[in-house]
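What follows is a single structure, written as structure tokens, with notes after it.
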Amino acid sequence: MLADLARRDDVIAFDLFGDMDLRADRVVKRRSLTALVDAAMEEEPGEVIYGASFENHPKLVERLAERHTLLGNPPEVLRAVRDPVKLGAVLDSYAPSTFTPPSSGRWLRKPLRGGGGIRVREWRGGALPRGMYLQERIDGVPCSVAAVGDVVLGVTEQLVGRREFGVRGYRWCGNLVPPRAPVPLDQVQEICSRLVAAFGLRGPFGVDFVWDGERARVVEVNPRPTASLEVIDPARAAGKAVVFATEDMVVGELEGVRDVPHPGERIAKGRPICTVVATAATPDEVLAALEQQAAELLEVAVCG
């Protein structure tokens, strides 16, 4: 997605998957984020923008900045804005309670270095594993906002834990625009303005929140380009969904999808296969179209 949005002919993409539809002047595929940074450090100095997961690895971003110009947030900003205590202090009533010994309500156990809902679980008491923290569970519609500075680009509804796309629990699997519940833009704007003023965020970033019917409650800030960027431009309702493998599989040739795996590629159960996209008159129609595409894809994806 980032390579496509760059709209340049001289893009070098450093990618864990190296999908068939990755359009770049050159694609460098490696098996880990550290290996991707190692490869990037061998290139001539240039401008670099990092994507998902790097917000949890400020030391790797620090390495990139030693050789390249960052088009995004420096490591010290990542460390600050990803700190739940500092984030809660800045957002005040817009943030759920965190770390507070619970006396009532429902609580989630979350990793300090996480994303996409991975390893998020209901907390039922007991000691927390190292690197985890508690966050109050807020009932409502999961949403996200994409912004550049304090300019809001768009608000989407997040698709979370949907079996139709091969996931359960709190795992993120896509976005709908516009959200099916009305979200006041003044609250979203205030949240983004507070974050920019307090942390000095620069470039595109995202904020995940739950709309509880009265207030947007922020659960996470992603200080880098977000997955929703490719669906917030269309004039009609639009959406994307990542389809995950429901069993170990070897994929055949796939058409009409994005993030296309190579034919014959082995994909383990629970890992992403590809992305489906749709536009329609309403977000409900978009969701139905995405679910239909996912069902058809899961029927034909396995070739052996």
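The values are calculated or read from the model by the stated rules, or taken from the named source; none is laboratory data. Source: prediction; values computed, not measured. As a convention, Cβ positions derive from the backbone with ideal geometry for all residues, glycine included, and neighbour counts pool all protein chains shown.
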Checklist entry - In segment 252-271, is there at least one residue being in a strand (DSSP E or B) and farther than 24 Å from T156 by Cβ? => result yes
Item to check | Of all residues making up segment 49-74, the number that are of a type in the set (S, T, Y) and surrounded by 15 or more Cβ atoms within 10 Å (Cβ to Cβ) | outcome: 2
Checklist entry - Between a first residue in segment 197-221 that is part of a helix (DSSP H, G or I) and a second residue that is at pLDDT 95 or above and β-branched (V, I, T), which pairs have beta carbons less than 6 Å apart while being 6 or more apart in sequence or on different chains? => result A198/V90; F199/V77; F199/V81
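Out of A181, A146, I need the residue that is within 20 Å of P234 (Cβ to Cβ), surrounded by fewer than 18 Cβ atoms within 10 Å (Cβ to Cβ) and either touching a residue at least 12 places away in the same chain (Cβ under 8 Å) or assigned by TED's automatic domain parsing to the domain that holds V243 (or both). Which one?
The match here is A181.
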Next on the checklist: Just to check your reading of the model, which residue among G166, G154 is buried (at least 22 other Cβ atoms within 10 Å of the Cβ), of a type outside the set (A, V, I, L, M, F, W, C) and either touching an Asp or Glu at 6+ places or on another chain (Cβ under 9 Å) or within 30 Å of D248 (Cα to Cα) (or both)?
Outcome noted: G166
Next on the checklist: Just to be sure I understand the filter: pairs with C-beta atoms under 9 Å, separated by 6 or more residues or on different chains, first member in segment 232-245 and within 27 Å of V167 (Cα to Cα), second member in a loop (DSSP other than H, G, I, E, B) and basic (K, R). Which pairs pass?
Outcome noted: A241/R162; F244/R171; F244/K269; F244/R271; A245/K269; A245/R271
Checklist entry - (1) out of contact with any strand residue (DSSP E or B) (no Cβ under 7 Å at 6 or more places or on another chain); (2) without any contact (Cβ under 8 Å) to a residue 24 or more places away in the chain: which one isn't true of N56, the others all being true? => result (2)
Checklist outcome for this item: Of V77, V90, V85, V81, the only residue that is within 23 Å of F199 (Cα to Cα), over 20 Å from the mean Cα position of the chain (by Cα) and surrounded by 18 or more Cβ atoms within 10 Å (Cβ to Cβ) is V90
Next on the checklist: So for segment 215-222 (the condition being within 15 Å of the chain's Cα centre (by Cα), surrounded by fewer than 22 Cβ atoms within 10 Å (Cβ to Cβ) and among the acidic types (D, E)), does at least one residue qualify?
Outcome noted: yes
Item to check | Hey, K240 surrounded by 16 or more Cβ atoms within 10 Å (Cβ to Cβ) and among the basic types (K, R) or not | outcome: yes
Next on the checklist: Test of understanding: among F165, F199, F209, which residue is among the aromatic types (F, W, Y) and more than 21 Å from D284 (Cα to Cα)?
Outcome noted: F199
Next on the checklist: Is it the case, given these coordinates, that A3 is modelled with pLDDT under 95, closer than 26 Å to W172 by Cβ, in a helix (DSSP H, G or I) and among the small types (G, A, S)?
Outcome noted: yes
Next on the checklist: Residues that are out of contact with any Asp or Glu (no Cβ under 6 Å at 6 or more places or on another chain), in contact (Cβ under 8 Å) with a residue 24 or more places away in the chain and at positive phi: does segment 265-277 have at least one?
Outcome noted: yes
